[in-house]
Amino acid sequence: MVSLAAVVGGVVAFGQNAAPAGAAAAATPAAELRVFDPSLIDKTVDPCENFYRFSCNGWFKRNPLPADETHYGRETELYELNRLRLRQILEDASTAFATRSANEQKIGDEYASCMDTATVNKLGLTPLQAELERIAALTSAADLPALLAQLHTIGVNAFFGMGSNQDYADSNSVISYYNAGGLGLPERDYYTRTDAKSVEQRKQYLDHVHKMFALAGEPDAQAARDAETVMAIETRLAKASLTITERRDPQNLNHPTDVANFSKELPHFSLADYVGAAHAPAAGKVNDAEPKFFAEFNSLVTDTPIGQIRTYLRWHLLHTYAGTGLPESFDQETWNFYAHTLNGAEKQQERWKRCSSRVDRELGEALGQVYVAKYFPPAEKQRALEMALAVEQAMDRDIDSLDWMSAATKLRAKEKLHAVMNKVGYPDKWRDYSTLAIERGDSLGNEMRAHAFEFARDLAKIGKPVDKNEWEMTAPTVNAYYDPQMNNVNFPAGIMQSPFFSGKEDDAANYGDMGAVVGHELTHGFDDEGRQFDKDGNLRNWWTKEDEQGFNDRAECMVKQYDAIEAVPGVHLNGKLTLGENLADLGGLRLAWLAWLDKAEAAHVDLRAATDGYTLDQRFWIAYAQGWCTQTRPEQLRTQAQTDPHSPEEYRTNSVLTDLPEFAKSFNCKKTAAMVAPRPCRVW
Ligand SMILES: [Zn+2]
């Protein structure tokens with residue numbers, strides 16, 4: 001699962017985006033997913049020694065990792081069930097010619113085009129011909145701005161990214177945002193690390209780019225040279241880019257200027273030509289997120305031979321469309337490097353899975369509309385909102401109990417807490433796709449038009465009032481997020497189901513699992529990143545110096561705790577990169593526990609009453625752990641440790657629980673047990 005794409009603004013996702021699921025799960029639709037499932041428990045494991053294994057071993061035995069998966073967990077089970085539903089919707093929409101709505105025509109024909117490999121293979125590179133010719137015609141750096149604008153319009157991530165974002169200083173206004181970009185490897189450190197594995201990965205990447213050029217018809221020797229060119233340019237861009245850890249601090253990305261002044265920073269690249277061709281505002285406020293990167297880009301444009309720039313652009317065009325848009329040879333080669341070599345997958349996913357996911361990406365709110373009408377009853381929304389409110393109230397009281405925070409900062413924290421907007425299920429108003437033309441038999445053309453539609457939609461927000469009802473995730477998504485500039489929490493319909501949430505199960509199970517998700521997102525408003533934004537979403541310090549120090553001291557405990565974890569031999573977790581997620585995991589689970597205790601006490605429930613052999617409080621913790629049962633390939637675990645702000649699931653379970661004395665009490669764990677930290681960390 002990939003972390004949420006680096007959309008400008010950077011919302012904080014609960015998990016990685018759900019990984020594509022496997023054939024095994026498709027064959028057995030997950031009809032009996034349960035939030036608390038006693039049959040998954042392994043009684044031979046001491047819960048005080050390894051609670052994750054104790055809670056999940058039964059699931060591991062029942063769910064061997066499918067060959068086409070690199071990461072397969074309980075959320076993938078649900079994702080898989082959802083994808084089967086989407087497939088049905090899409091197949092219906094692709095054949096119901098007489099009765100389908102305008103949106104159903106789009107999703108149905110987009111799916112059918114994507115599935116039509118015969119046509120895709122027959123067309124070859126023809127649908128990209130016009131773009132390839134545009135690149136071939138570039139003979140002077142002076143013409144680069146207009147060409148790059150065209151490539152950005154169709155989603156090609158060459159050199160940098162441009163879009164809209166809320167102003168960090170004024171969350172009510174939307175401005176232009178220029179972001180570092182232009183890399184083909186997962187992130188910048190892949191170009192600079194010197195260990196043997198990283199050196200090998202760069203060789204494999206070179207080989208991949210070489211093969212892609214060869215597939216596009218270049219003679220072998222030229223393809224090899226061109227791959228070297230791509231690597232040289234990307235390495236230069238990478239070295240000038242911030243690390244992913246540095247990018248977590250919004251202060252590092254906040255460099256407000258305006259179009260006129262930004263264009264002075266780019267004497268070798270006509271910003272006027274670029275914004276003209278991109279149909280972006282020619283004046284007004286701009287955020288230059290990474291000035292050092294743009295300075296390097298400006299030099300690169302003038303000191304790199306134009307032929308090399310053409311090569312670099314050609315690579316990124318092929319790379320962007322090599323999924324389901326180009327012939328299977330390109331698709332296979334791209335899978336081979338990104339899924340097999342980097343992440344260990346043994347088999348490519350069936351095409352219908354990738355096409356369903358593609359329609360969800362491109363036309364998510366057209367597909368989501370049909371999905372929620374069928375699978376998301378209004379009562380679910382009400383229950384989720386009640387839970388969000390209960391967790392919010394628990395946090396209110398929790399803030400009162402903090403011994404390290406002053407009364408003044410507590411007051412601000414509570415103001416922010418109560419300003420958080422809870423969004424559940426799907427948008428109040430669905431996106432209008434009427435200007436996006438989807439044609440049967442034109443897979444790549446559809447993809448290109450979908451990118452252009454999204455690019456224009458995003459740019460159109462600049463200078464207009466902020467739309468707080470907009471969603472960054474589609475309704476069927478099995479995930480959730482907090483948006484610091486909106487100060488809202490978002491729970492798509494997709495995650496509000498078993499095994500995370502069920503109307504058939506008790507509060508202990510639902511609060512242990514979905515309650516912790518709700519608490520996690522809420523805590524993001526107060527993690528190392530989120531706490532820098534005020535209740536209105538402005539990047540503005542509302543902390544006293546002492547309280548800030550108190551927060552940082554406590555957060556440091558978490559950084560050390562996770563730095564010490566070796567995910568795969570030789571690769572440790574990055575405590576600073578994962579700090580926000582780890583804070584949200586720990587704070588969120590604590591809040592869910594407090595909210596559940598309140599609810600149980602109000603109902604005079606006996607916490608020590610047992611069902612299925614476990615007391616209610618034990619069921620709460622087991623439900624939490626069982627939400628995380630996941631199998632991961634070692635290659636993927638390495639990628640995750642090096643790129644993902646989320647810790648691997650085993651630590652999202654065990655490390656979090658070692659910090660909670662309430663957990664140890666529920667299972668009567670001794671002070672010396674592995675599941676009890678000698679000095680537990682606590683921030684929230
Ligand atoms: Zn999160």
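Any residue at all in the range 670-681 that is charged (D, E, K, R), assigned to a helix (DSSP H, G or I) and either touching a helix residue (DSSP H, G or I) at 6+ places or on another chain (Cβ under 7 Å) or surrounded by fewer than 18 Cβ atoms within 10 Å (Cβ to Cβ) (or both)? Within the range 670-681, none of the residues are charged (D, E, K, R), assigned to a helix (DSSP H, G or I) and either touching a helix residue (DSSP H, G or I) at 6+ places or on another chain (Cβ under 7 Å) or surrounded by fewer than 18 Cβ atoms within 10 Å (Cβ to Cβ) (or both). Look at Asp527 and say whether it is in a loop (DSSP other than H, G, I, E, B) and either surrounded by 21 or more Cβ atoms within 10 Å (Cβ to Cβ) or within 16 Å of the ligand (Cβ to nearest atom) (or both). When the stated conditions are applied, Asp527 passes them.
None of Arg34, Arg87, Arg74 is in contact (Cβ under 8 Å) with a residue 60 or more places away in the chain and surrounded by 20 or more Cβ atoms within 10 Å (Cβ to Cβ) except Arg74. Comparison of Ala223, Ala283 shows that the only residue that is surrounded by 15 or more Cβ atoms within 10 Å (Cβ to Cβ) and either in a helix (DSSP H, G or I) or not aromatic (Phe, Trp, Tyr) (or both) is Ala223.
For the range 498-515, taking the residues that are part of a loop (DSSP other than H, G, I, E, B) and in contact with a Leu (Cβ under 6 Å, 6 or more places away or on another chain), the one that is nearest to the ligand (Cβ to nearest atom) is identified as Pro499.
Here Asp467 passes the criteria (1) farther than 19 Å from Ala278 by Cα; (2) in contact (Cβ under 8 Å) with a residue 40 or more places away in the chain except the one numbered (2). Candidates are the residues of the range 448-490 that are polar (S, T, N, Q) and assigned to a strand (DSSP E or B); the one that is nearest to the ligand (Cβ to nearest atom) is Asn490. Can you confirm whether the range 119-131 contains a residue that is at pLDDT 95 or above and touching a His at 6+ places or on another chain (Cβ under 8 Å)? So far as the range 119-131 goes, no, none of its residues is at pLDDT 95 or above and touching a His at 6+ places or on another chain (Cβ under 8 Å). Among the residues of this structure, Met395 does not count as one that is closer than 18 Å to Ala480 by Cβ, of a type in the set (A, V, I, L, M, F, W, C) and either modelled with pLDDT under 95 or loosely packed, with under 14 Cβ neighbours inside 10 Å (or both). For the criterion of being at pLDDT 95 or above, within 15 Å of the ligand (Cβ to nearest atom) and not in a loop (DSSP other than H, G, I, E, B), Asp547 fails. Restricting Ala238, Ala260 to those that are in contact (Cβ under 8 Å) with a residue 24 or more places away in the chain and outside any loop (DSSP other than H, G, I, E, B) reduces the list to Ala238.
Scanning the range 318-335 for residues that are of a type in the set (S, T, N, Q) and more than 22 Å from the chain's Cα centre (by Cα) yields Ser329, Gln332. Scanning the range 263-290 for residues that are free of Cβ contacts under 8 Å to residues at least 40 places away in the same chain and not aliphatic (A, V, I, L, M) yields Ser263, Lys264, Glu265, Pro267. Residue count for the range 295-316 satisfying the condition of being part of a helix (DSSP H, G or I) and touching a residue at least 60 places away in the same chain (Cβ under 8 Å): 15.
The values are calculated or read from the model by the stated rules, or taken from the named source; none is laboratory data. Since this is a predicted model, take the numbers as computed values, not measurements. Reconstructed Cβ throughout: ideal geometry from the backbone, glycine too, with neighbour counts over all protein chains shown.
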